[in-house]
Amino acid sequence: MDNDLGVPHRKYWLDDGSLVVKLGNDLFKVHRSVLVRQSPSFYPSLRRLTTNDEPPPSDGRGIEKSKTFDTETSNDAERVLIDNTPVFSVNPQMTITTRDFEALLTYLYRDIPLNASANDSFHDVYHLLRASSPQTCNFPEAYAWAVQLWSDMFAAHPLTTEFGTWKNLHDALAISSDLRLKTVEKALFYAIVVSPDIHLEVPSSAETPSDAQIPHSSDLIASSHTQLSRRDYQRCSQLMHIIINHFTPMLFQPQTAGHMQCTDVLADRWMPLVVQPALANDGVYKPLETLRSMANIDWANEGLCESCISEKRKEWKEDAIDIWDRMDEWIELIDRNE
Ligand SMILES: [Zn+2]
């Protein structure tokens with residue numbers, strides 16, 4: 001089909017569709033009833049195209065103009081039809097992409113059962129979140145479902161989660177922040193701080209970093225596999241700074257145990273077994289991982305008694321949970337100082 005309005009979508013051009021949705025250069029022929037049933041506001045927000053909006057087609061193939069005037073518009077412009085179907089455009093202020101809208105239609109037409117455990121589900125859920133949110137097309141049921149999948153995908157526990165293996169961190173953080181998904185945002189903040197792929201510059205003082213410390217060449221700061229927006233880069237750098245300030249004294253503090261003899265073992269072995277490996281592995285800003293490594297040392301072999309070992313391991317778990325809880329206020333502090 002040739003027309004000047006755009007390209008019919010290869011999948012969502014449904015023969016019995018009742019309206020054509022134009023998004024950029026893409027045309028989707030879908031059912032009004034399907035849209036209306038699931039969203040209170042999307043269909044009313046669409047704008048019906050008239051001949052005032054678009055240049056007339058050069059040869060008219062595939063496009064007809066209605067013989068009647070559109071009573072929904074305030075002027076006498078003729079409606080634009082394709083296949084005798086009215087054409088509507090998405091409000092350009094809705095910053096959604098074709099892939100976002102495809103994910104929404106996939107959900108609405110139940111074409112693919114999305115599954116949070118599937119390896120490739122990140123992008124499906126990401127685009128559905130973007131399209132269905134209250135800030136965009138506003139499909140409450142689809143959005144609630146996407147938020148649930150997203151929260152499962154980035155569920156985190158301070159004692160067990162392997163944050164270093166998480167992927168797609170920059171996109172995930174950007175949308176979680178936009179949509180104010182605080183629990184996911186916190187987990188992603190931490191994952192970015194400890195990511196082997198993202199290299200943050202730690203601000204040299206506790207102050208908000210000055211412009212001089214942030215590269216100016218671009219709003220995006222590229223590292224080997226990922227890009228963070230400048231704002232997120234600054235927020236993550238500041239969080240890293242706070243973590244280092246909090247955790248470094250804990251790391252260097254002499255540990256005590258229930259018995260004098262066990263305290264002596266800790267004092268003797270702390271530097272070679274804990275501090276030096278932590279310094280070598282950037283452990284000062286990976287507190288959860290460092291605390292886990294501390295617990296995993298074979299302390300019995302070093303001469304610590306069983307009761308002191310279990311006491312110390314319990315303490316280190318509590319330290320990890322405490323740091324995780326404090327991150328909420330640290331992130332709030334960073335956002336307030338922006
Ligand atoms: Zn002991």
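Any read-out appearing in this document is the output of simple, stated calculations on the displayed coordinates, not a laboratory observation. Since the structure is predicted, the reported quantities are computational estimates derived from the model, not experimental observations. All Cβ positions, even for glycine, are placed from backbone atoms using ideal geometry, and neighbour counts span all protein chains on display.
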To the nearest 0.05, the calculated FRET efficiency linking Arg47 and Ser229 through their beta-carbon distance, R0 being 35 Å, is 0.70
Putting +1 on Lys and Arg Cβ atoms and -1 on Asp and Glu Cβ atoms, find which of Leu200, Thr160, Ile175 reaches farthest to the positive end of the dipole of region 100-204. Thr160
Can you pick out the pairs among Lys182/Lys312; Lys167/Lys314; Lys29/Lys167; Lys11/Lys167; Lys186/Lys286; Lys22/Lys182 whose Cα atoms lie more than 23 Å from each other? Lys182/Lys312; Lys167/Lys314; Lys29/Lys167; Lys11/Lys167; Lys22/Lys182
